[in-house]
Structure formats: structure tokens, C-alpha cells
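The values are calculated or read from the model by the stated rules, or taken from the named source; none is laboratory data. Small disclaimer: the values here were computed from a predicted structure and weren't measured. Methodologically, a virtual Cβ is constructed for each residue, glycine included, from the backbone with ideal geometry; neighbour enumeration extends over all protein chains shown. Ligands, DNA and RNA are excluded from the accessible area calculation, which covers all protein heavy atoms including side chains. Shrake-Rupley method; radii C 1.70, N 1.55, O 1.52, S 1.80 Å.
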Amino acid sequence: MYNPQLNAQGELIHLLTTEGLPKRILTQILDQAAEYVENGELLNNKWQDLAGTSVFNLFFENSTRTRTTFELAAKRLSGDVSSLNIQASSTAKGETLLDTIHNLEAMGANLFVVRHSESGAAHLIAKHVKKGIAVVNAGDGRHAHPTQAMLDMFTIRHFKGDFTKLRVAIVGDVLHSRVARSQIHALSTLGCPEIRVIAPKTLLPTGIEQLGVHVYHDMAEGLKDVDVIAMLRLQNERMAGAFLPSTQEFFKYYGLTPEKLALAKPDAIVMHPGPMNRGVEIDSAVADGPQAVILPQVTFGIAVRMAVLAIVARNQKANK
Amino acid sequence: MYNPQLNAQGELIHLLTTEGLPKRILTQILDQAAEYVENGELLNNKWQDLAGTSVFNLFFENSTRTRTTFELAAKRLSGDVSSLNIQASSTAKGETLLDTIHNLEAMGANLFVVRHSESGAAHLIAKHVKKGIAVVNAGDGRHAHPTQAMLDMFTIRHFKGDFTKLRVAIVGDVLHSRVARSQIHALSTLGCPEIRVIAPKTLLPTGIEQLGVHVYHDMAEGLKDVDVIAMLRLQNERMAGAFLPSTQEFFKYYGLTPEKLALAKPDAIVMHPGPMNRGVEIDSAVADGPQAVILPQVTFGIAVRMAVLAIVARNQKANK
Amino acid sequence: MYNPQLNAQGELIHLLTTEGLPKRILTQILDQAAEYVENGELLNNKWQDLAGTSVFNLFFENSTRTRTTFELAAKRLSGDVSSLNIQASSTAKGETLLDTIHNLEAMGANLFVVRHSESGAAHLIAKHVKKGIAVVNAGDGRHAHPTQAMLDMFTIRHFKGDFTKLRVAIVGDVLHSRVARSQIHALSTLGCPEIRVIAPKTLLPTGIEQLGVHVYHDMAEGLKDVDVIAMLRLQNERMAGAFLPSTQEFFKYYGLTPEKLALAKPDAIVMHPGPMNRGVEIDSAVADGPQAVILPQVTFGIAVRMAVLAIVARNQKANK
């Protein structure tokens, strides 16, 4: 099957989604990130992978945090970085979006990092860029957030080693979460035998079972004996309708407290993509507790984004 | 006659307008830009022309596109670039503007790139900066946009060679266009024998004929046998009154369609300063057609801005 | 007494306030800044003091001017700089602020420059950062603005030499001014024998005399025979209530005019932290006159900020 993320040799030239990527590509990203983490001071060394490469961060949707991590990742690899916050005005429709892209290509862009509120934006751009130019999806609508999912995979592998013996629970607002989708695809491909999602019915997309996950509506059942708990952020800003009675109610049933955490394996790790809503989806005692790996996730996030940028830039260069 | 853009030796020390600049200066800019274009990979090489030079982009009027091209141009020449978006608040009057400038001088600025909604802002700044500091106008009110005009000249010379045998038509909202004014002055100086402007009466400034242009209100007549068509952007945001019945009406009479384009010479080129209003001043079939040189304009724009920055910085340095 | 700004060896590891800093530390900052000023072209040389150091400018309160000077200072020392404008939303409370800080630490931050509208924000952050990470206060609420005070000290020493024989008058809105507080502490420590504050009663904090200053409500008396006049900015944006009848009234009584300036010593210098409200707290004839040292202050401000960044980074590195 044709995969727009791979070239004829099966190498990664865009990262748009974890869906449909073969295991060897996911492993390549994790291995390359591990090299950055292991080789001395990850964050204070300068690599040359992106020397002479012009990286454009196109943020059609604001995200200081994700934009900053991509900027740091690109600079750490000696790339030339320009960040543009582009207002998603009513006129910024498909055609105009492509005009913007073609203009930036004409200015010498080699790599686009794209954040957009509409699902499919990064795919659209990847379809229309010139040969030799890479696109990395930094989150598109409810669709995908592949670098977030890959940093979660890195974190799991770092703390748990092998995916093939793990029970992983993804907890919270699955319906609005591009992170959850990308996690499920990556976990499946990497061989995780049991993926659970725990959420109220109103925050689950229909047909989620078809992705091979086990659905739970009760935390006590869902967390039992899991090795990894991946909390999701409650996307208040995306909830137009009345999906929830209240955030207090949500916390009561789905917030991760020490009591609920005690149901998981004693050495279970707790992940969260940030920024956290303390007291809504996670209790501070858990967020700051010994099982939380939330801050290591941030550090690994830089390494994983470095790996993704370096790999797609290298493969595009070789094929130009 | 005294020209604030030239020093006593007749060298360019500020670029404020194409008006009154001698042909040798315009040609120097084009020739230097050509060197950047021709010497290998324009956009992925690092020149040293601005090493140790502190460039401040002062954007009192927002323009992501122009700001980005100046940033790229300065970085490509190894300059240190700071970009400031300064809100044109009601207090940002003459005196305060100069306080801002003097403060930035005291911080070590060597070169100001200025975009301002008021005509004459760049001239005012150039008049008051310390000896040795250069000012480049990146668009002031309805007055001038010299680097845009010079990249258009570069594009024309690149595709057509000699200016002395060309018929050039400038089409659209001439009244609100600083680009049109700057183009007309540059074309005249470079020896273009026939410059036409095509626009409805409501979008033409009075006395435009005094610039030596031929005025047309009808596209069929105006486009006949021209070598170059320079479309203007319909500046919706600048049209306070009712200059136009509607944009549909405008497109019908003045939008560049394949049918109207067929009236020009078969090898005529079509330019547009961007961003395009597709279906308003230009039809997509033309914008994406074989005669459009709109994306090369963007690439040449980086080279021309590099040339301007390098030239004024060099001449200011020599005279300090 | 424990001082969170010093390590066990008594070296500066954070700069939060000039209050309680020993004279040798203030002198170290001034001496190091003097080295940058004296060694060739301050603003166009590249030092290596911050090579490999990741500096984050966290501006929870907008200040283009201060942010730009810190960016320039860090770049001049070869630091890697990221600037974040963080909206002080209602949710950006204590806990969330620290989550932000811990996230940036996990991204590899070595040094935070913090501007915040709440007094004590920089202290709070310094208390919670990991060992080895420095915090520099770029202004917190009404509390302190130590780098501004230190550049004023540098300016005084540059023009007047010895602090121990000077009469210094601080004039204007002392109540809302973090600058005034920081100046008073620094001047006292550096041995200035007579510090005066001149302000209407409504713009003076209660108990100001306890800082060892002499209070005047009349300019004629207060300015008599002073060596240094430190004007304060009228913080219009901070005056919620009716502290002033009008700015015209303020100018009449407290605005620095040539007539009032004539009461000071003939060689008195006039300082202002900028941006100036001309015609409110200072007359243009004074602002642009021969006794004003307002633009040298800006240049020295870069050098002083360079010195502070270099010193805290060096001391943190040694103690890691």
C-alpha cells in the first residue's frame, strides 16, 4: 500500500502519523533518539545533522510548548530555524495554505514542522511540497500527534524495556485526543499485547474497539495490573458541547489519585503529555510522586524530535 | 540635488525609495543579487557580508512575509538579527519613534529595516540616525517599497534581459500601492521605454501621468503586446471608502484571466508581489500557469534584500 | 543570614534584588561590566561566557525593551537564547508557574531571566529550580528591578567615580517603582552618603524613611546641590486610583525642566530608565541636553546584563 511518509526505498521522508509506519521505522526513531540521550549532555551539545538545513515551524494553532521543543531540537542539530505564528483566519483556506507553503519553499525551506487545528493539514502539505522537502506533523486537529506518541514510546522503552510484555492504559478524553490515536497505533506496531482505554462513554469515539484496544469505563477495573498509565489532558478548549457534567465530577471518577494508582502494578509508570490540569485529570500527589515520569518525558521529547528531524532531513537530502 | 540615500561619494547608504536613485546604483543592486543567485545554492550557503553587524527589523505594521524575507536575508549573510513588532499605538508619534531609534542605536544597532504605516517614516529615521547606521525601507504607507520594486526589476532582467525594449503594464490598485510607485521610478531609470498603468479611475492617483506612464482603463487595450504584466494586490485593508462596487466586479474587468493574458505577447511574464487574492485580481489558471514568475520572484526577493543589506552596511562601514 | 542569591562560598548564583547583596558582589558586577565596555567594541564583539548555556527569557509581563536588551546581552556572550511571552492568564498561578519552570528545566534550561507582574515571582522560581540553574530577576511587580539599578550604578560610577561623596536624588513615582527600591539598596551598600527621594505624598510608600533616605516634596529643596538626578517613569499603567490630579499638574511640580535642573550642581547628571514620558516627568530640553546620560545608560545596560548573566552562569556551573 502506498504510504506518503516513505520513499521508494521504504525510508521515512515525512512524519505525519504513527499509523501505518512499519516497526523498523519506529525503532529507528527510538534508536536515534537514544544516541542523543546517551552521548554526553543531550541538551548542551551541538550536533551537525541539520547544518545548512532551513527549518520552518508553521504554527497555525498556538502552542508555545510544542513550538519551543521543536525550536530547541532544530537548533541543537545546528539547523536554521524560523518560527511563524500564522493566524488561522477565515481566509486561510486550502488554496491559500498552499500558496503560503510554496512561498516558503521559494525562500529556501527544507523542512516544515506544521501545527494546525484541522485534521489532515500536514498530509495536504506533504502531498504538495516539492521533492526533497520534508514535513513533520506537530499536531493536526483530532487526528495525530506523532512526535508526542514517539516520545511516549521512548519513555516506555526507557523505563520498561520490552513492549511485548506490557499492559498499557490510556486514560481520559480519548475523543478529542490526537495523542491517544497516535499512541495506540505506535503501541500496536511495537508489539504491545494489551492496550486499554479508560474513559466515560461521552469522551470515547465510536468504533474505538476496532483499533484493537480494550475499553473500560471504570478506573478500578481498567487500571488493574497495568505497567504503564498514559494520562490524557482534558482538552477544555476543544469541548464545545456538554461532554462532562463538571471537572470535579471528572476528577472523582477518572482523575488519577494515589488510591487509584495503587490498583496498577507497584512499579507502574505514570505519563502525561502536559500541560497538566492538576486536580482535574491528575492529583498533585501522583504528578509529583515517585511513579511519575512526566519530566523525563519532556527531556526525551527533545531527543525524539531531534531524531525525527534528522532522519527525514537526511532521507530527503539523499533522494533529491 | 541632495539625496539622503547617497553619501558624498555617491554611494548607497540608505535605501528609502527607488525615486531619484541613479541607474548605476540600481544596477549595482541587481548585479550583487545576481552574484548570490549564481554562486551555488543561494539559500543554503552562508555569506559573511553582515558578520558582526547588528540588524534590527522594526515592524510598526505587521507583515510576516516581508519580515521573514528580511530575517532570512540577514541571517544568510551572517548578520545578528533582532525583530521587533512595535504596536503603532496612538502614542507612537514622531518624537517617541525617534526615542525608540536612539535607544536601539545605544544598544548597538548598525542597520534598521523599517516597515511603517505612515509615508515618510523611513526617511524621518534615516535623517536622525547616527553617522554609520543604515536604514532600509521595507514599506512606508502609500509611499514606497523599494526592495519589492528591485526584486521585480531583478525578475524582469532575469527573464527578459534588456529593459530598453520592453513594454510593461502595471495592473490594479495603483492608488493605494507603494509597490507601483517604486516600480515606475525604477523602470524609468533603468530605461524602460513604455510603462503602462491599467486601473479603474477610482484606483488611480491624480497626476499619475506626470510620472511618464500611459494610463489605460481597459484591460484589452492596456495589455496589448506587453512583455511584462505586473499585477498589484487589491489592498482590501486600505480601502476605507467605496472605491470598488465589489471584488467580483473588479475581477470581471481587471482580474487577469487566461483570455486577457492572451492579448499580451505570447512570451509575456506575469508578476505578483503576493499574497495573491485568487479570483479577485488574478485567476488561478494564470497564477499557476506557465507565464507566471511569481515564485521565482520570492526567491529573487531574498537575493535582492541580501544585496541591499550588504551594500548599505559596507558603505556605512567605510564612512564611519 | 541566609541569602538565597549566594552560595555557600558567598558567590552570586541568582540575581533577585539588590537588597542584602554585599558591596563586593555589586562591585564585581560593575567591574565585569567595565571589562566588556572597555575591551574594544562592546556591542560588536562576541564573548564566549555563555557558550553552551541555554538562556530562557520568561516574560509573563510584556516589555519589548528589557527583553531585547537581555536577548542582546545573552547573544553577545554566545548563549543560546529562547524568549517566551507567557500570558499572565488567571490560571497562571503559583503551581502552574512552577510546572512551566520544571518543564523548561527538563528541556535543558540553564538560566532563567524572569519578568513578572507579581512581586516575589523570581524568588519563588529561584527557590524551586534545580541545583545548578540560575535565575535573574528582570522586574517583579513593585518589588525589584536589580539589573536596572545596577546599570544606574554603573552609569554613576562611570561619570562620577566615587560613590562616597555623592548626593543622589530619586524623583517621581516612588510608590509604584521597583526601580527606586533597587536603586536605594544599591546606593546604600555602595556607600552613597545622601540619598534623597522627591515625590508627592500620594506617590511615596509609607515608611520609606526607614530605608535611610531623605524625603522631599518640593523639587527646589530636594534638587539643591545634588550630583545625580535619577528620574522615574510615571507608571500610568499601574495607577489604578487617583494618585495624581493630572499629568500636567505633575509636570508643573515634579517634571524636570532646565529651571529646576539649574538648582542641582552644575555638573549633575540626569538619568532615566526609559521609556520617557516627555512633558510629563521630564522636559525635552533636559532629556536632550548636555547633562542627560540617558542613552549611555542604555549601552551600559547591555554590559551590566552581560556581566550578571556571565557571573551567575559561571558560579552555578562551578557548583553543579
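From the list C:Ala51, C:Ala34, which one is more than 14 Å from chain B (Cβ to nearest Cβ) and either in contact (Cβ under 8 Å) with a residue 40 or more places away in the chain or in contact with a Phe, Trp or Tyr (Cβ under 8 Å, 6 or more places away or on another chain) (or both)?
After applying the criteria, what remains is C:Ala34.
Determine whether C:Gly222 is within 14 Å of another protein chain (Cβ to nearest Cβ) and under 25 Å from C:Arg157 (Cα atoms).
no
Output the residues belonging to the stretch C:284-293 that are touching an Asp or Glu at 6+ places or on another chain (Cβ under 9 Å) and not small (Gly, Ala, Ser).
Residue satisfying the conditions is C:Gln291 alone.
Going residue by residue through the stretch A:235-243, is there one that turns out to be over 16 Å from the mean Cα position of the chain (by Cα), open to solvent by less than 50 Å² (accessible area, probe 1.4 Å) and either within 14 Å of chain C (Cβ to nearest Cβ) or not hydroxyl-bearing (Ser, Thr, Tyr) (or both)?
Yes, the stretch A:235-243 has at least one match.
Of these, C:Leu223, C:Leu211, which one is within 21 Å of C:His272 (Cβ to Cβ), out of contact with any Ser or Thr (no Cβ under 7 Å at 6 or more places or on another chain) and not aromatic (Phe, Trp, Tyr)?
Every option except C:Leu223 fails the conditions.
Test B:Ala285 against the stated conditions and say whether it is closer than 30 Å to A:Val129 by Cβ and open to solvent by 50 Å² or more (accessible area, probe 1.4 Å).
Here the answer is yes, as B:Ala285 does meet what is asked.
So for the stretch B:229-243 (the condition being of a type in the set (Asp, Glu), assigned by TED's automatic domain parsing to the domain that holds B:Gly289 and part of a loop (DSSP other than H, G, I, E, B)), does at least one residue qualify?
No, because not a single residue in the stretch B:229-243 is of a type in the set (Asp, Glu), assigned by TED's automatic domain parsing to the domain that holds B:Gly289 and part of a loop (DSSP other than H, G, I, E, B).
Looking only at residues that are in a helix (DSSP H, G or I) and at pLDDT below 90 in the stretch C:37-48, which one is farthest from the other protein chains (Cβ to nearest Cβ)?
Among those that are in a helix (DSSP H, G or I) and at pLDDT below 90, it is C:Glu38.
Going by the structure shown, is C:Lys265 among the basic types (Lys, Arg) and outside any loop (DSSP other than H, G, I, E, B)?
So C:Lys265 fails the test.
Of the conditions (1) exposed (fewer than 15 other Cβ atoms within 10 Å of the Cβ); (2) part of a strand (DSSP E or B), B:Glu249 fails just one. Which one is it?
(2)
Got at least one residue in the stretch A:258-273 being in contact with a His (Cβ under 6 Å, 6 or more places away or on another chain) and closer than 27 Å to A:Arg157 by Cβ?
Within the stretch A:258-273, not a single residue is in contact with a His (Cβ under 6 Å, 6 or more places away or on another chain) and closer than 27 Å to A:Arg157 by Cβ.
Can you tell me how many residues in the stretch C:178-227 are open to solvent by less than 20 Å² (accessible area, probe 1.4 Å) and in a helix (DSSP H, G or I)?
13
Within the bounds of the stretch B:51-66, is there any residue that is surrounded by fewer than 16 Cβ atoms within 10 Å (Cβ to Cβ), in the same structural domain as B:Ile311 (by TED's automatic domain parsing) and at pLDDT 90 or above?
yes
Confirm whether C:Ala307 is part of a helix (DSSP H, G or I), among the aliphatic types (A, V, I, L, M), in the same structural domain as C:Asn45 (by TED's automatic domain parsing) and closer than 27 Å to C:Thr69 by Cα.
yes
Any residue in the stretch A:269-281 that is in contact with a helix residue (DSSP H, G or I) (Cβ under 9 Å, 6 or more places away or on another chain) and more than 20 Å from C:Leu98 (Cβ to Cβ)?
Within the stretch A:269-281, one or more residues are in contact with a helix residue (DSSP H, G or I) (Cβ under 9 Å, 6 or more places away or on another chain) and more than 20 Å from C:Leu98 (Cβ to Cβ).
Inside the stretch A:94-118, can you point out the residues that are in contact with a helix residue (DSSP H, G or I) (Cβ under 8 Å, 6 or more places away or on another chain) and of a type outside the set (A, V, I, L, M, F, W, C)?
Residues satisfying the conditions are A:Gly94, A:Glu95, A:His102, A:Asn103, A:Glu105, A:Gly108, A:Asn110, A:Arg115, A:His116.
Would a scan of the stretch B:38-57 turn up a residue that is among the polar types (S, T, N, Q), closer than 16 Å to B:Ala126 by Cα and within 15 Å of the chain's Cα centre (by Cα)?
No: the stretch B:38-57 contains no residue that is among the polar types (S, T, N, Q), closer than 16 Å to B:Ala126 by Cα and within 15 Å of the chain's Cα centre (by Cα).
Please go through the stretch C:269-303 and pick out each residue that is facing chain B (nearest Cβ under 10 Å) and either part of a strand (DSSP E or B) or of a type in the set (A, V, I, L, M) (or both).
Correct list: C:Met276, C:Arg278, C:Ala287, C:Ile294, C:Leu295, C:Val298, C:Ile302.
Among (1) more than 19 Å from B:Ala268 (Cα to Cα); (2) touching a residue at least 60 places away in the same chain (Cβ under 8 Å); (3) not in a helix (DSSP H, G or I), which single condition is B:Val174 missing?
(2)
Residue check: is C:Met306 within 14 Å of chain B (Cβ to nearest Cβ) and closer than 18 Å to C:His176 by Cα?
No; evaluated as a whole, the condition is false for this residue.
Would you mind listing the helices (runs of 4 or more DSSP H) fully within the stretch C:61-168 where at least 2 residues are under 19 Å from C:Asn3 (Cβ atoms) and more than 14 Å from every other protein chain (Cβ to nearest Cβ)?
C:121-128, C:146-160
Give the residues of the stretch A:107-160 that are at positive phi and under 11 Å from the mean Cα position of the chain (by Cα), sorted by residue number.
The answer is A:Gly139, and nothing else.
Tell me whether the stretch C:184-201 contains one or more residues that are of a type in the set (Ser, Thr, Tyr), out of contact with any Asp or Glu (no Cβ under 8 Å at 6 or more places or on another chain) and over 16 Å from C:Glu19 (Cα atoms).
Among the residues of the stretch C:184-201, not one is of a type in the set (Ser, Thr, Tyr), out of contact with any Asp or Glu (no Cβ under 8 Å at 6 or more places or on another chain) and over 16 Å from C:Glu19 (Cα atoms), which makes the answer no.
Please count how many residues of the stretch B:293-320 are open to solvent by 20 Å² or more (accessible area, probe 1.4 Å) and among the small types (Gly, Ala, Ser).
Matching residues across the stretch B:293-320 total 1.
Please pick out the residue among C:Gln248, C:Gln316, C:Gln291 that is of a type outside the set (A, V, I, L, M) and in contact (Cβ under 8 Å) with a residue 60 or more places away in the chain.
Step by step, each of C:Gln248, C:Gln316, C:Gln291 is checked, and only C:Gln316 is of a type outside the set (A, V, I, L, M) and in contact (Cβ under 8 Å) with a residue 60 or more places away in the chain.
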